[in-house]
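Just so you know, all these numbers are worked out from the coordinates, no wet-lab data involved. As the structure is a computational prediction, the values presented were derived from the model and not from experiment. Cβ placement follows ideal geometry from the backbone for every residue including glycine, while neighbour counts extend to all protein chains displayed.
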Amino acid sequence: MQKRVIERHMFYGAGKKTFLKAIELRNNMTEAEKMLWCVLRNRKVFKERWRPQHPVDIFIVDFYCHKCKLAIEVDGEIHMKEEVLERDDGREHDIEKLGIKILRFTNKEIFENIDSVKARILIEIELISPA
């Protein structure tokens with residue numbers, strides 16, 4: 001039986017505490033995250049592998065494609081508060097320093113126009129890694 005090899009570098013030095021928190025978040029995804037995960041896990045639409053609640057350094061991104069170096073964040077109402085917006089900006093800056101591009105979607109976008117969300121993700125993948 002072949003053993004599964006996990007690429008440690010794809011976690012950018014994330015520690016045990018971050019991995020444990022990611023497992024907790026993966027088991028308690030929001031409805032919007034669940035809806036987007038149903039789309040992302042379909043390799044017929046997105047040819048690359050996506051990982052939900054993925055550790056990156058000291059952070060956890062909602063979805064991550066290592067091959068594309070693309071993260072997706074799903075923002076609920078709390079992300080509209082000024083202090084949360086500031087924290088998100090700093091977090092995004094730190095993650096982008098690692099060479100990872102971040103796409104952000106609101107819950108409303110996912111619930112009301114999932115086709116537009118899919119199209120934006122596909123466009124970004126094409127820009128990152130054209131065929």
### Task
Averaged over every viewing direction, what's the projected area of the C-alpha convex hull for the range 14-128? Give it in nm², one decimal, please.
7.0 nm²
### Label-to-label distance, nm, for residues given as LYS47 and LYS21 (7 Å Cα→Cβ offset)
3.5 nm
### Task
Kindly state, as a whole number, the per residue volume in cubic angstrom of the convex hull around the alpha carbon atoms of the range 32-77.
67 Å³
### Message
Apply the Karplus curve 6.51 cos²θ - 1.76 cosθ + 1.60, θ = phi - 60°, to the phi angles in the range 32-38 and return the couplings in whole Hz, x for Gly and Pro.
### Response
5, 5, 4, 5, 5, 4, 4
